[in-house]
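Okay, so here's the structure we're looking at.
The values are calculated or read from the model by the stated rules, or taken from the named source; none is laboratory data. Computed from a predicted model, the values in this text were never measured in an experiment. Cβ placement follows ideal geometry from the backbone for every residue including glycine, while neighbour counts extend to all protein chains displayed. The area values use the complete protein model at the heavy-atom level, side chains included, leaving out ligands, DNA and RNA. Shrake-Rupley method; radii C 1.70, N 1.55, O 1.52, S 1.80 Å.
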Amino acid sequence: DLTENVDEFPRIMTTLCEVPILPTPGVQYDFKFNDGDINLSFSELEQVLDEEVFAIALQILHPGILVAAWGAIILERKVLVTSCMTSVLEPCCEFLRKLALPLTISNYVPNLSEPFLQVVEAPFPYLYGTNSTLLAAHPEIDLGETIIIDLDKRSVRYPTTYNDQKLPPIIFNRVLKNINEVMLSGWNDLVSRS
(Lines give C-alpha, C1' and ligand atoms only; values in the text may rest on other atoms or scores of the structure.)
Protein backbone atom coordinates (compact mmCIF):
# COMPACT_ATOMS: atom_id res chain seq x y z
CA ASP A 1 0.00 0.00 0.00
CA LEU A 2 1.78 3.11 -1.24
CA THR A 3 0.40 6.60 -0.71
CA GLU A 4 1.52 9.50 -2.89
CA ASN A 5 3.24 12.36 -1.14
CA VAL A 6 6.19 14.38 -2.40
CA ASP A 7 8.14 13.66 0.79
CA GLU A 8 7.40 9.94 0.42
CA PHE A 9 8.64 9.73 -3.17
CA PRO A 10 12.12 8.34 -2.33
CA ARG A 11 10.60 5.66 -0.07
CA ILE A 12 8.03 4.73 -2.74
CA MET A 13 10.70 4.43 -5.44
CA THR A 14 12.94 2.38 -3.15
CA THR A 15 10.05 0.06 -2.31
CA LEU A 16 9.12 -0.40 -5.97
CA CYS A 17 12.74 -1.20 -6.86
CA GLU A 18 13.21 -3.64 -3.97
CA VAL A 19 9.95 -5.55 -4.35
CA PRO A 20 10.72 -8.68 -6.36
CA ILE A 21 8.11 -8.85 -9.12
CA LEU A 22 8.25 -12.39 -10.42
CA PRO A 23 6.36 -13.21 -13.64
CA THR A 24 4.52 -16.11 -12.04
CA PRO A 25 1.25 -17.26 -13.64
CA GLY A 26 -1.74 -16.51 -11.44
CA VAL A 27 0.05 -13.98 -9.20
CA GLN A 28 -1.25 -10.42 -9.05
CA TYR A 29 0.50 -7.34 -7.68
CA ASP A 30 -1.66 -4.41 -6.50
CA PHE A 31 -0.25 -0.89 -6.20
CA LYS A 32 -2.48 1.76 -4.63
CA PHE A 33 -1.98 5.44 -5.44
CA ASN A 34 -4.05 8.54 -4.69
CA ASP A 35 -5.27 8.82 -8.28
CA GLY A 36 -6.08 5.12 -8.72
CA ASP A 37 -4.87 1.56 -8.42
CA ILE A 38 -2.56 -0.37 -10.69
CA ASN A 39 -2.86 -4.14 -10.96
CA LEU A 40 -0.12 -6.24 -12.49
CA SER A 41 -0.88 -9.88 -13.18
CA PHE A 42 0.54 -12.64 -15.34
CA SER A 43 -1.25 -15.00 -17.68
CA GLU A 44 -1.98 -18.63 -16.85
CA LEU A 45 -1.03 -19.54 -20.43
CA GLU A 46 2.63 -20.02 -19.51
CA GLN A 47 1.81 -22.54 -16.84
CA VAL A 48 1.18 -25.45 -19.21
CA LEU A 49 4.51 -24.91 -20.95
CA ASP A 50 6.26 -24.51 -17.60
CA GLU A 51 4.90 -27.84 -16.40
CA GLU A 52 6.19 -29.56 -19.54
CA VAL A 53 9.59 -27.87 -19.21
CA PHE A 54 9.81 -28.77 -15.54
CA ALA A 55 8.81 -32.40 -16.14
CA ILE A 56 11.50 -32.89 -18.80
CA ALA A 57 14.17 -31.01 -16.85
CA LEU A 58 13.55 -32.81 -13.57
CA GLN A 59 13.88 -36.18 -15.27
CA ILE A 60 17.40 -35.25 -16.37
CA LEU A 61 18.79 -32.75 -13.88
CA HIS A 62 19.66 -34.45 -10.60
CA PRO A 63 20.06 -32.31 -7.44
CA GLY A 64 23.86 -32.09 -7.78
CA ILE A 65 23.56 -30.61 -11.28
CA LEU A 66 20.81 -28.23 -10.14
CA VAL A 67 22.89 -26.82 -7.30
CA ALA A 68 26.07 -26.60 -9.41
CA ALA A 69 24.21 -24.84 -12.25
CA TRP A 70 22.41 -22.47 -9.88
CA GLY A 71 25.69 -21.61 -8.17
CA ALA A 72 27.46 -21.00 -11.48
CA ILE A 73 24.66 -18.75 -12.71
CA ILE A 74 24.41 -16.64 -9.56
CA LEU A 75 28.21 -16.34 -9.45
CA GLU A 76 27.98 -15.03 -13.03
CA ARG A 77 30.09 -17.69 -14.70
CA LYS A 78 30.08 -18.88 -18.27
CA VAL A 79 27.72 -21.87 -18.34
CA LEU A 80 27.33 -24.10 -21.39
CA VAL A 81 24.67 -26.83 -21.40
CA THR A 82 25.25 -29.61 -23.92
CA SER A 83 23.22 -32.54 -25.19
CA CYS A 84 22.95 -34.49 -28.41
CA MET A 85 19.15 -34.06 -28.25
CA THR A 86 17.60 -30.64 -28.84
CA SER A 87 14.33 -31.86 -27.31
CA VAL A 88 16.18 -32.18 -23.98
CA LEU A 89 18.56 -29.25 -24.34
CA GLU A 90 16.05 -26.42 -24.67
CA PRO A 91 13.75 -27.38 -21.75
CA CYS A 92 16.74 -27.90 -19.44
CA CYS A 93 18.25 -24.52 -20.38
CA GLU A 94 14.89 -22.84 -19.78
CA PHE A 95 14.52 -24.57 -16.41
CA LEU A 96 18.00 -23.39 -15.36
CA ARG A 97 17.19 -19.85 -16.51
CA LYS A 98 14.07 -19.83 -14.36
CA LEU A 99 15.98 -21.39 -11.46
CA ALA A 100 18.01 -18.17 -11.24
CA LEU A 101 14.98 -15.86 -10.89
CA PRO A 102 14.78 -13.04 -9.91
CA LEU A 103 18.22 -12.67 -11.49
CA THR A 104 18.08 -11.92 -15.18
CA ILE A 105 20.49 -13.66 -17.51
CA SER A 106 21.15 -11.14 -20.26
CA ASN A 107 23.23 -13.53 -22.39
CA TYR A 108 20.90 -16.49 -22.80
CA VAL A 109 20.49 -18.69 -25.88
CA PRO A 110 19.07 -22.18 -25.28
CA ASN A 111 20.31 -23.65 -28.56
CA LEU A 112 23.29 -22.13 -30.37
CA SER A 113 23.54 -23.14 -34.01
CA GLU A 114 26.87 -23.78 -35.76
CA PRO A 115 27.36 -20.26 -37.23
CA PHE A 116 27.16 -18.79 -33.71
CA LEU A 117 29.12 -21.44 -31.83
CA GLN A 118 32.21 -19.20 -31.47
CA VAL A 119 30.27 -16.97 -29.07
CA VAL A 120 31.02 -19.46 -26.25
CA GLU A 121 34.52 -17.93 -26.16
CA ALA A 122 33.06 -14.55 -25.16
CA PRO A 123 34.60 -12.89 -22.09
CA PHE A 124 31.28 -12.32 -20.30
CA PRO A 125 28.94 -14.55 -18.26
CA TYR A 126 26.24 -16.43 -20.12
CA LEU A 127 23.90 -19.40 -20.16
CA TYR A 128 24.06 -21.07 -23.56
CA GLY A 129 23.00 -24.45 -24.83
CA THR A 130 24.33 -26.32 -27.81
CA ASN A 131 24.35 -29.71 -29.44
CA SER A 132 27.21 -31.82 -28.03
CA THR A 133 27.88 -33.46 -31.42
CA LEU A 134 28.19 -30.03 -33.03
CA LEU A 135 30.54 -28.87 -30.27
CA ALA A 136 32.73 -31.99 -30.66
CA ALA A 137 33.14 -31.18 -34.37
CA HIS A 138 34.84 -27.89 -33.37
CA PRO A 139 37.76 -28.81 -31.06
CA GLU A 140 39.39 -25.43 -31.77
CA ILE A 141 36.81 -23.67 -29.58
CA ASP A 142 38.33 -22.61 -26.26
CA LEU A 143 36.20 -23.76 -23.33
CA GLY A 144 38.94 -23.20 -20.75
CA GLU A 145 36.85 -20.77 -18.68
CA THR A 146 33.48 -22.44 -19.20
CA ILE A 147 31.46 -24.60 -16.84
CA ILE A 148 29.95 -27.37 -18.94
CA ILE A 149 26.74 -29.11 -17.93
CA ASP A 150 26.66 -32.32 -19.95
CA LEU A 151 23.09 -33.62 -20.03
CA ASP A 152 24.06 -36.79 -21.89
CA LYS A 153 26.51 -37.84 -19.14
CA ARG A 154 24.52 -36.05 -16.42
CA SER A 155 27.66 -34.35 -15.17
CA VAL A 156 29.22 -30.94 -14.51
CA ARG A 157 32.75 -30.15 -15.71
CA TYR A 158 34.55 -27.18 -14.18
CA PRO A 159 37.53 -25.39 -15.73
CA THR A 160 40.76 -26.91 -14.41
CA THR A 161 42.44 -23.55 -13.83
CA TYR A 162 39.64 -22.02 -11.78
CA ASN A 163 39.15 -23.09 -8.18
CA ASP A 164 36.74 -20.22 -7.49
CA GLN A 165 34.16 -21.47 -10.00
CA LYS A 166 32.23 -23.46 -7.42
CA LEU A 167 30.01 -22.45 -4.55
CA PRO A 168 31.69 -22.76 -1.15
CA PRO A 169 31.23 -26.39 -0.01
CA ILE A 170 29.13 -25.45 3.05
CA ILE A 171 26.61 -23.58 0.86
CA PHE A 172 26.64 -26.26 -1.84
CA ASN A 173 25.97 -29.04 0.69
CA ARG A 174 23.24 -27.11 2.50
CA VAL A 175 21.37 -26.27 -0.73
CA LEU A 176 21.86 -29.83 -2.02
CA LYS A 177 20.40 -31.24 1.22
CA ASN A 178 17.36 -28.95 0.95
CA ILE A 179 16.75 -29.85 -2.71
CA ASN A 180 17.08 -33.56 -1.95
CA GLU A 181 14.51 -33.21 0.86
CA VAL A 182 12.07 -31.31 -1.37
CA MET A 183 12.43 -33.79 -4.22
CA LEU A 184 12.15 -36.77 -1.86
CA SER A 185 9.00 -35.37 -0.23
CA GLY A 186 7.52 -34.77 -3.69
CA TRP A 187 8.30 -38.39 -4.62
CA ASN A 188 6.76 -39.62 -1.35
CA ASP A 189 3.60 -37.59 -2.06
CA LEU A 190 3.32 -39.20 -5.51
CA VAL A 191 3.80 -42.71 -4.09
CA SER A 192 1.25 -42.17 -1.30
CA ARG A 193 -1.39 -41.00 -3.82
CA SER A 194 -1.11 -44.18 -5.90
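Quick notes on this one:
- Carbon and sulfur %, accessible surface of the range 76-162 computed with the full protein complex present, 1.4 Å: 56 percent
- Within the shell of other residues whose beta carbon sits under 14 angstrom from the beta carbon of His138, the net charge comes to -4, with Lys and Arg scored +1 and Asp and Glu -1.
- Full extension of the chain between Ala122 and Asn39 gives 25.9 nm of extra length, using 0.36 nm per residue less the Cα-Cα distance.
- Extension gain for the segment Ala55 to Asp30, taken as residue separation times 0.36 nm less the Cα-Cα distance, is 5.9 nm to one decimal.
- Here the gap between Asn178 and Glu76, fully extended at 0.36 nm per residue and compared with their Cα-Cα distance, gives a gain of 34.5 nm.
- Computed FRET value (nearest 0.05) for Thr86 with Ile171, which takes r as the C-beta separation and R₀ as 41 Å: 0.80
- Of the trypsin sites (Lys or Arg not before Pro) found in the range 84-169, those in coil by DSSP whose Cβ has at most 14 other Cβ atoms within 10 Å are Lys153, Arg154.
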